[in-house]
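Written below as structure tokens is the structure these notes are about.
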Amino acid sequence: MFLTDEEKRMRDGAEGDAVAAAMDLLLRYGYALDAERLCDIRNVAGTMTQPTPVKAKIVAESGWDKAFAVINLDSDADLASIPQMRVPTCQLQHGFGPDSVDIVPYPKANVELQNDAESYYGRHGVNILATCTPYQVGNLPLRGEHCAWMESSAVIYANSVLGARTNCEGIASTGAASLTGKIPCWGNHLDRNRYGTHLISVEGLKVESFQDWGMLGYFAGGVSGEDHPVITGDFGQPDLTELKHFGAAAATSGGVELYHIPGITPEAATVEAAFGGAPVPEKVVYGPAERRAIYETLNEIGTSSDVDFILLGCPHASVDQIRQAATLLDGKRLASGTELWIMAPRALKVMADRSGYTEVIEKAGGKVLADSCPAMSRAAPAGTKVFATDSAKQAHYLPAILGIEAWFGTTEECVNAAISGRWNGGLD
Ligand code: F3S
């Protein structure tokens with residue numbers, strides 16, 4: 001692998017043993033992937049503060065610097081100290097925080113460990129955004145900008161909607177990237193790997209609702225696996241919320257990290273451009289029958305119509321989504337024994353508080369919660385047997401994670417279920 005003089009200096013310890021350990025990890029990673037060089041980056045998004053039993057043990061026995069070395073640099077060495085992050089680095093979603101105690105059944109020990117982690121990582125220059133949607137709260141990399149991001153729903157948004165360049169990184173590679181400003185240049189960083197591979201043609205229906213974008217994403221992930229779908233058809237103009245739902249769903253049913261929608265996403269002005277001039281593959285049709293099949297797949301776990309938990313905000317809700325829920329709940333009351341949680345970035349919850357939306361939701365009996373989600377923290381209201389959600393990603397994962405039944409529907413159907421305690425959803 002080609003290394004610049006600066007990279008050789010870091011590798012050889014000129015900037016301390018932690019930076020040398022970080023370079024060692026990146027070089028091992030780069031060699032394994034046949035990367036020819038490292039990319040310069042100035043944008044890292046990782047999950048550093050997430051509380052885990054392993055981290056708790058290391059911190060208790062050896063302190064936070066040791067925990068950073070083991071978990072964030074994959075190094076057993078006794079490093080002298082961990083320096084400041086070399087490039088802007090943010091914390092993605094993590095566990096629930098102190099304001100969720102007594103609402104979410106989540107261990108207090110985890111909350112305390114995470115509080116300590118926030119102090120440690122914050123002192124080292126990690127911006128505690130605490131959301132899976134950093135692009136909603138000010139972290140918006142530019143088109144062509146190389147980044148090192150984790151979280152599949154954020155990676156696909158960065159690559160596809162923003163035109164930034166990142167692979168789906170891990171805890172150690174983002175830790176090493178944060179201390180060096182480098183990441184192996186392979187995969188989505190390279191022009192030749194960013195073209196479409198599958199053509200999905202929407203026919204016989206118009207995709208324009210939030211629910212429809214999620215179902216189309218789930219279909220696209222199933223068709224494309226880890227490749228790059230190119231979507232054509234009759235669309236309304238999608239907005240941020242619809243594309244974050246589409247991308248999260250595609251990254252859930254498959255492992256999609258990049259897609260193109262000609263005329264909408266930035267690297268595909270035309271279908272031909274999306275495929276980089278290569279022959280356009282035979283189309284896979286997404287029509288009414290495929291739409292219904294996806295809907296039934298996402299609802300195959302639900303059997304009981306008695307719903308005791310409603311979950312909105314996956315990926316984390318926008319202010320407009322919180323406002324929509326407040327409008328639907330205004331003057332209403334949740335059914336006895338039914339809970340409704342809306343997951344949101346903390347920065348946007350502050351806006352929802354100021355706008356009065358949180359008050360309306362809380363008056364109805366719902367909650368706006370920050371930092372985490374039931375899938376991330378493995379926590380739902382005690383006794384939950386059946387939940388309903390407007391998120392294809394949560395409908396896919398939460399039954400397996402928590403052993404509960406799921407209903408998938410529109411935001412309005414979910415809010416109605418919270419008010420009635422019954423699921424009455426269905427496909428148009
Ligand atoms: Fe975010 Fe949790 Fe969904 S981390 S993408 S709300 S599974």
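So which of L340, L334, L311 is assigned to a strand (DSSP E or B) and away from the ligand (no atom under 14 Å from the Cβ)? Lay out the reasoning, then the answer.
Details: L334 fails: assigned to a strand (DSSP E or B); L311 fails: away from the ligand (no atom under 14 Å from the Cβ).
So the residue among L340, L334, L311 that is assigned to a strand (DSSP E or B) and away from the ligand (no atom under 14 Å from the Cβ) is L340.
For segment 146-155, the criterion of a residue being within 16 Å of the ligand (Cβ to nearest atom), on the phi < 0 side of the Ramachandran plot and not in a helix (DSSP H, G or I) is satisfied by at least one position. Return the residue satisfying two criteria in turn: it lies in segment 156-192 and is of a type in the set (A, V, I, L, M) and away from the ligand (no atom under 16 Å from the Cβ), and of such residues it is nearest to C314 (Cα to Cα). So the residue we want is L162.
Within segment 74-104, the set of residues being hydroxyl-bearing (S, T, Y), surrounded by fewer than 23 Cβ atoms within 10 Å (Cβ to Cβ) and more than 16 Å from the ligand (Cβ to nearest atom) comprises S75, S81. Taken together, the residues in segment 284-313 that are over 25 Å from the mean Cα position of the chain (by Cα), polar (S, T, N, Q) and surrounded by 13 or more Cβ atoms within 10 Å (Cβ to Cβ) amount to 1.
Scan segment 133-145 for residues that are farther than 18 Å from M48 by Cβ and either within 16 Å of the ligand (Cβ to nearest atom) or crowded, with 24+ Cβ neighbours inside 10 Å (or both) and the total you get is 2.
Restricting the search to strands (runs of 3 or more DSSP E) fully inside segment 195-299 and requiring at least 3 residues that are out of contact with any helix residue (DSSP H, G or I) (no Cβ under 6 Å at 6 or more places or on another chain) gives 198-202. The set of residues from segment 371-391 being of a type in the set (A, V, I, L, M) and away from the ligand (no atom under 11 Å from the Cβ) comprises A379, A380, A382, V386, A388.
Would you confirm whether any residue within segment 172-179 is outside any helix (DSSP H, G or I) and either touching a helix residue (DSSP H, G or I) at 6+ places or on another chain (Cβ under 9 Å) or surrounded by fewer than 23 Cβ atoms within 10 Å (Cβ to Cβ) (or both)? The answer is no, given that none of the residues of segment 172-179 is outside any helix (DSSP H, G or I) and either touching a helix residue (DSSP H, G or I) at 6+ places or on another chain (Cβ under 9 Å) or surrounded by fewer than 23 Cβ atoms within 10 Å (Cβ to Cβ) (or both). With respect to the conditions (1) within 16 Å of the ligand (Cβ to nearest atom); (2) over 18 Å from E226 (Cβ atoms); (3) not in a loop (DSSP other than H, G, I, E, B), G122 lacks only one, and its number is (1). Taking each residue of segment 369-386 that is in contact (Cβ under 8 Å) with a residue 40 or more places away in the chain and under 15 Å from T47 (Cβ atoms) and looking for partners that are within 11 Å of the ligand (Cβ to nearest atom) and assigned to a strand (DSSP E or B) with beta-carbon atoms closer than 7 Å, six or more apart or interchain, yields C373/M343. Only one entry of I361, I404 meets the criterion of being outside the structural domain of G254 (by TED's automatic domain parsing), among the aliphatic types (A, V, I, L, M) and farther than 17 Å from N299 by Cβ, and that entry is I361. Among the candidates V161, V223, the residue that is farther than 29 Å from I41 by Cα, under 21 Å from the mean Cα position of the chain (by Cα) and at pLDDT 95 or above is uniquely V223. Applying the criterion of at least 3 residues that are farther than 21 Å from P184 by Cβ and outside the structural domain of R346 (by TED's automatic domain parsing) to the helices (runs of 4 or more DSSP H) found wholly in segment 1-105 leaves 53-62, 64-67.
The values are calculated or read from the model by the stated rules, or taken from the named source; none is laboratory data. Bear in mind the structure is a predicted one, so any value in this text is a computation, not a measurement. So basically every Cβ, Gly included, is an ideal-geometry build from the backbone, and we count neighbours across all protein chains shown.
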